[in-house]
Amino acid sequence: MECLVGMQCNDFVMVAADMTAARSILVKKSDHKKYLKLSDKLLMAVTGESGDTNQFSEYVAKNIMLYKMRNGYELSPAAAASFTRRNLAGYLRSRTPYHVNLLVAGYDDESGKPELYYMDYLASMAKLPYASHGYGGSFTTSILDRHFRPDMTRAQAYALMIECVKEVQKRLIINLPNFSVTVIDKEGIVDMEPITQAVIANQATA
Amino acid sequence: MSGYDRAITMFSPDGHLFQVEYAQEAVKKGSTAVGVRGNNVVVLGVEKKAVAKLQEDRTVRKICQLDDHVLMAFAGLTADARVLIKQARVECQSHKLTVEDPVTLEYITRYVASLKQRYTQSNGRRPFGISCLITGFDNDKTPRLYQTDPSGTYHEWKANAIGRNAKTVREFLEKNYTPENVATEEQTVKLAIKALLEVVQSGGKNLEVAIMREDSKLSMLEVSEIEKVVAVVEKEKEEEAATKKKESKSESK
């Protein structure tokens, strides 16, 4: 029902998340942010069991802050992703596992490269050029397989994201009208314009 | 006295907890730290103890960040401080996790002070041998400065000093702290450095100064910047001494 899409290009990572918060047949919110800023250049987009999502992402965010306070520098995206995965794995075989699917995106200042990590509720992790979660993810993977190029500009990546969203909206039985889009590059985290019906209509006429 | 200073949990007949008082003596052996609360900045200055020739001096850190908006300097046993800082840092994040708000300065000071008090009342443990100056900005952008001591008490101050020769520095601050004197960042820094120079051998190399502004940006002054302020302060001192000499000469005539 929920959908996350991420793509890592040469000098930025772009992550899109749907903005629908629903319970059974009721749509509670259609402007719900499903991502959390872990630090200046780290972002985590989360879907899954309602409640687990907030709890887990906030816990990881505060621990990453604590690391920064203790050691004077921030965790790299790879280290933060490892930490997150290790936490998930630890809770997996306890009485209270977290049922969350994540995309961790960040910019590593040391290597000068953006990074994207796919993680799921079974604590598997993969560093990927593009990734997605949810039923909608099955459709977007095909689109990205065909059209993704690592040397895209932000505008081109945004346009490709719109194509992904259009495909999800065409083929998925659940209606996901809005998608938030965030970009991380060496300057930090920037929220781009959410992909809404209006944006899609504009792009069709442009 | 000899019977009652062994166990921390025992009062002496005249109502003293000697172990706590001895801890306060340990604090007086530590290098001086001064804190000044300005209008829109807070400044912490510490005396850098001379390091041995082969020692890397950047591993001696007496000013520590507890959170984005909280700064702490201490005087006394460094190892004890490490333990307190570790727990305070965790508490800062824990607070944010549970109530979604950053700690207020009073809350985190109370937390540190409670920790210290607990160690004055348990068996088999000795008190922490440090006094802390905890400073920073609350959520409403008010600057704050608190001091804690080994007994676990804490008070808010406009300006204070701890460690070696703290009394001299505090007396200087009492004479020279006015709201006008700390109206700008530059003046507050100058007052803090001037206060420290009362008891520290002159030289920017012996001082470490940290400034936190109301947007919670922390900056540690470079040695060159400190030396600049030191030069200004010394010039002023010389000029003051010169005018005093002239006045006394003209009087004696």
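Pick out, in residue order, every one of the chymotrypsin sites (Phe, Trp or Tyr not before Pro) in region A:50-97 that is DSSP loop and has at most 11 other C-beta atoms within 10 Å; say none if there are none.
Hits after loop and neighbour filter: A:TYR73.
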Worksheet item: Using the alpha-carbon centroid of each, what span in Å lies between region B:27-81 and region A:144-163?
Response: 51
Item to complete: As a check on your grasp of the helix formula, calculate [θ] at 222 nm for the protein assembly as shown: sum -39500 (n - 2.57) over DSSP H runs of n ≥ 4, divide by the residue count, round to the nearest 500.
Response: -13000 deg cm²/dmol
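List, in the order given, every pair from B:LYS48/B:LYS190; B:LYS49/B:LYS141; A:LYS29/B:LYS96; B:LYS49/B:LYS235 whose Cα-Cα distance in the structure shown is over 28 Å. Spell out each step's value before the answer.
Values: B:LYS48/B:LYS190 18 Å; B:LYS49/B:LYS141 33 Å; A:LYS29/B:LYS96 25 Å; B:LYS49/B:LYS235 25 Å.
With Cα atoms farther than 28 Å apart: B:LYS49/B:LYS141.
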Worksheet entry | Summed residue charge, Cβ within 12 Å of A:LEU144's Cβ, Lys/Arg positive, Asp/Glu negative | -1
Worksheet entry | In Hz, Karplus ³J(HN,Hα) per residue of region B:103-115 (6.51, -1.76, 1.60; θ = phi - 60°; x = Gly, Pro) | 5, 7, 4, 5, 4, 6, 5, 4, 5, 4, 5, 5, 4
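So which trypsin sites (Lys or Arg not before Pro) in region A:84-168 end up in coil per DSSP with only 14 or fewer other C-beta atoms within 10 Å? Intermediate results must be reported in sequence, preceding the final value.
Numbers: sites: A:ARG85, A:ARG86, A:ARG93, A:ARG95, A:LYS127, A:ARG146, A:ARG154, A:LYS166; in loops: A:ARG93, A:ARG95.
Passing sites in region A:84-168 are A:ARG93, A:ARG95.
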Fill in: Karplus-derived HN-Hα couplings along region B:146-151 (A = 6.51, B = -1.76, C = 1.60, θ = phi - 60°), whole Hz, x at Gly and Pro
10, 10, 10, 10, x, 6
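Which shape class, rounded, prolate or oblate, goes with region A:1-147 when its Cα gyration tensor gives a ≥ b ≥ c as root eigenvalues, a/c under 1.5 marks rounded, and past that a/b bigger than b/c marks prolate? Provide the component values of the computation, followed by the final result.
Numbers: a/c = 1.66, a/b = 1.15, b/c = 1.44.
In terms of gyration-tensor shape, oblate.
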Worksheet item: In nm, to one decimal, how far is the modelled label at B:THR153 from the one at A:GLN197, with both set 7 Å along Cα→Cβ?
Response: 6.8
Worksheet item: Which of the GluC sites (Glu not before Pro) found in region A:1-86 are in a DSSP loop and have at most 16 neighbouring Cβ atoms, other than their own, within 10 Å?
Response: A:GLU49
Discussion item. What's the magnitude of the charge dipole for the protein assembly as shown around its Cα centre, counting Lys and Arg as +1 and Asp and Glu as -1 at the beta-carbon? Answer in Debye, nearest 20.
Written reply: 1060
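Shielding by partners for A:62-69, please: the mean number of other protein chain Cβ atoms within 10 Å of each residue's Cβ.
Values: counts 8, 3, 1, 7, 9, 2, 4, 13.
So the per-residue partner count for this stretch is 6.
Multiplying the sequence separation of B:GLU56 and B:LYS205 by 0.36 nm and subtracting their Cα-Cα distance, what value in nm do you get? Write down the numbers at each step before the final one.
Details: separation 149, 0.36 × 149 = 53.64 nm, distance 1.40 nm.
Taking B:GLU56 through B:LYS205 to full extension adds about 52.2 nm, to one decimal.
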Fill in: Rounded to whole Hz, the Karplus (6.51, -1.76, 1.60) HN-Hα couplings of region A:106-113, x for glycine and proline
x, 10, 8, 5, 5, 8, x, 10
Worksheet item: Once amide H atoms are placed 1.01 Å from N in the peptide plane, what residues at a sequence separation of 5 or more from A:MET192, or on another chain, have their amide H within under 5 Å of its amide H?
Response: A:VAL181, A:THR182, A:VAL183
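Of the peptides B:230-243, A:185-198, how do they stack up when ordered by the mean number of other Cβ atoms within 10 Å, highest first?
Working: B:230-243: 12.4, A:185-198: 14.5.
The densest-packed peptide leads the list: A:185-198, B:230-243.
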Item to complete: Specify the longest stretch of chain B that does not include any exposed loop site, a site being one of the chymotrypsin sites (Phe, Trp or Tyr not before Pro) with a non-H, G, I, E, B DSSP assignment and at most 15 other Cβ atoms within 10 Å.
Response: B:12-253
Fill in: Dipole in debye (nearest 20) - region B:110-213, about Cα centre, beta carbon charges: Lys, Arg +1; Asp, Glu -1
480
Discussion item. Straight-line reach only, C-alpha to C-alpha below 26 angstrom: list the lysines that A:LYS113 could link to, leaving out same-chain residues fewer than 8 apart.
Written reply: A:LYS33, A:LYS34, A:LYS37, A:LYS41, A:LYS62, A:LYS68, A:LYS127, A:LYS186
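Taking the Cα centre of region B:1-159 as origin, work out the dipole magnitude from +1 charges on Lys and Arg Cβ and -1 charges on Asp and Glu Cβ, in debye rounded to 20.
Here the size comes out at about 520 debye.
Each value in this text was obtained by applying a stated rule to the coordinates, not by laboratory testing. Bear in mind the structure is a predicted one, so any value in this text is a computation, not a measurement. Reconstructed Cβ throughout: ideal geometry from the backbone, glycine too, with neighbour counts over all protein chains shown.
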